[in-house]
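What follows is a short report on a single structure.
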Amino acid sequence: MKIICVIPARAESTRFFEKPLALILGKPMIWHVWNNCKNVPEFDEVYVATDSDKIRNVAEGFGAKVLMTSPDHDTATERLYEVSTRIDADLYVMVNGDEPLLRRDAIVKCIPDEIKEGELYVSNLMTDFSNPVEVVDATNLKIVVDSHDRCLFISRSPIPYPKGNMDYVYHKFVGVGAFNRLALEFYHTTPRGPIEKIEENDSFRFIENGVPIYYYNCYSKSLSVDNRKDIAGVEAYLRTIQE
C-alpha cells in the first residue's frame, strides 16, 4: 500500500498569522512536524502542502518536498483532496501543521492493515484529556465513539453529559487523519450539511451521510498550537523529554 503523508500549512490564519513559521526552540513549527513525519517508515513520501511562498521557501530550505496548492481552500481536507488529484496513493495521511509533538507511534495508529475494494476509508486520532479544565474549553473538540471505534459525535461542548455518573474518560481530537481517494472524492463532491455548518467541523461531511469515521486512541501527549500562548507549553514539554 502506497502511503503519502501531507502536512497542510496555511499562512492566512486570522487567529495566528503565519502560524507554521512560529519558532519553537529556535526552529519553525512546520520543521518539527515534518521532522517527526519523515521518521515514519510507513510513509513513502512526505509533502508540505501550502499556498504561501514564504512557507514554501522555509520548508524547501530545510529539505521538505512542497506542493503549492490553491489559496481558495476552506479546509485542510479540501487541500488534501487537491493533493490526491496530483499525487497517486492508496492512502493519504494528513498531519496538521500545528501538531509538533506527535511521533511515529501515535501517527501510525490511523493506518489500516488493508482497505476493502470500494470502501470509503476515513480514520482519525484522539487521546485522553489529562486536565478536566480542557473538557469545558470550547477550543478542544470532544470525541465520542462506539465499541468499534466508530465516531458517534464530535462537539466543542462537553459530551457525553455526565448525568448518570462521572466515571468517564473524555477524549479529545488529535490532528491526524487518514483518507483513501474514494473518501476524498466523496468529501469534495458532497455539500456541507446542517450539523457541519453548526459545529463548523468538516468530519460531519461523512457522519451526516452515514460514512463511518474511525477514531483510534493514540494515548499520546498532544499540545496543538492554536495561538501564541500555546508555544510556551510545547517548548516546556520538549525540554523535559530532551533532558
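A few comments on the model shown:
- Qualifying residue in segment 171-178 (condition: open to solvent by less than 80 Å² (accessible area, probe 1.4 Å) and assigned to a loop (DSSP other than H, G, I, E, B)): no
- Counting residues in segment 87-104 that are in contact (Cβ under 8 Å) with a residue 40 or more places away in the chain, open to solvent by 30 Å² or more (accessible area, probe 1.4 Å) and more than 29 Å from His32 (Cα to Cα) gives zero.
- Some residue of segment 67-83 being at pLDDT 95 or above, outside any helix (DSSP H, G or I) and open to solvent by less than 30 Å² (accessible area, probe 1.4 Å): yes
- Of the residues making up segment 32-84, those that are more than 16 Å from Lys19 (Cβ to Cβ) and among the hydrophobic types (A, V, I, L, M, F, W, C) are Cys37, Val40, Phe43, Val46, Phe62, Ala64, Val66, Leu67, Met68, Leu80, Val83.
- Some residue of segment 172-183 being among the aromatic types (Phe, Trp, Tyr), free of Cβ contacts under 8 Å to residues at least 12 places away in the same chain and at negative phi: no
- Filter pass, Ser157 being among the small types (Gly, Ala, Ser), in contact (Cβ under 8 Å) with a residue 12 or more places away in the chain and either open to solvent by less than 40 Å² (accessible area, probe 1.4 Å) or in a strand (DSSP E or B) (or both): no
- Scoring Leu184 on the criteria (1) under 30 Å from Leu25 (Cα atoms); (2) not in a loop (DSSP other than H, G, I, E, B) leaves a single failure, condition (1).
- Condition met for Phe206 (closer than 28 Å to Asn36 by Cβ and either of a type in the set (A, V, I, L, M, F, W, C) or open to solvent by less than 20 Å² (accessible area, probe 1.4 Å) (or both)): yes
- Taking each residue of segment 197-220 that is more than 13 Å from Phe173 (Cβ to Cβ) and looking for partners that are open to solvent by 30 Å² or more (accessible area, probe 1.4 Å) and part of a loop (DSSP other than H, G, I, E, B) with beta-carbon atoms closer than 6 Å, six or more apart or interchain, yields Val211/Leu120; Tyr214/Asp149.
- Enumeration of residues in segment 23-57 that are assigned to a helix (DSSP H, G or I) and open to solvent by less than 50 Å² (accessible area, probe 1.4 Å): Met29, Ile30, His32, Val33, Trp34, Asn35, Asn36, Cys37, Ile55
- Test result for Gly233, closer than 25 Å to Ile111 by Cβ, of a type outside the set (S, T, N, Q) and out of contact with any strand residue (DSSP E or B) (no Cβ under 7 Å at 6 or more places or on another chain): no
- Selection count where residues are open to solvent by 20 Å² or more (accessible area, probe 1.4 Å) and either over 18 Å from Phe129 (Cβ atoms) or modelled with pLDDT of 80 or more (or both), scope segment 212-229: 9
- Within segment 92-111, being in a loop (DSSP other than H, G, I, E, B) and at pLDDT 95 or above holds for one residue alone: Ile111.
- Ile195 being open to solvent by less than 30 Å² (accessible area, probe 1.4 Å), of a type in the set (Val, Ile, Thr) and closer than 27 Å to Pro132 by Cα: no
The values are calculated or read from the model by the stated rules, or taken from the named source; none is laboratory data. Predicted model only: the values in this text are computed from it and were never measured. Every residue, glycine among them, receives a Cβ derived from its backbone with ideal geometry; neighbour counts consider all protein chains shown. These accessible areas exclude ligands, DNA and RNA; they are computed on the full protein's heavy atoms, side chains included. Shrake-Rupley method; radii C 1.70, N 1.55, O 1.52, S 1.80 Å.
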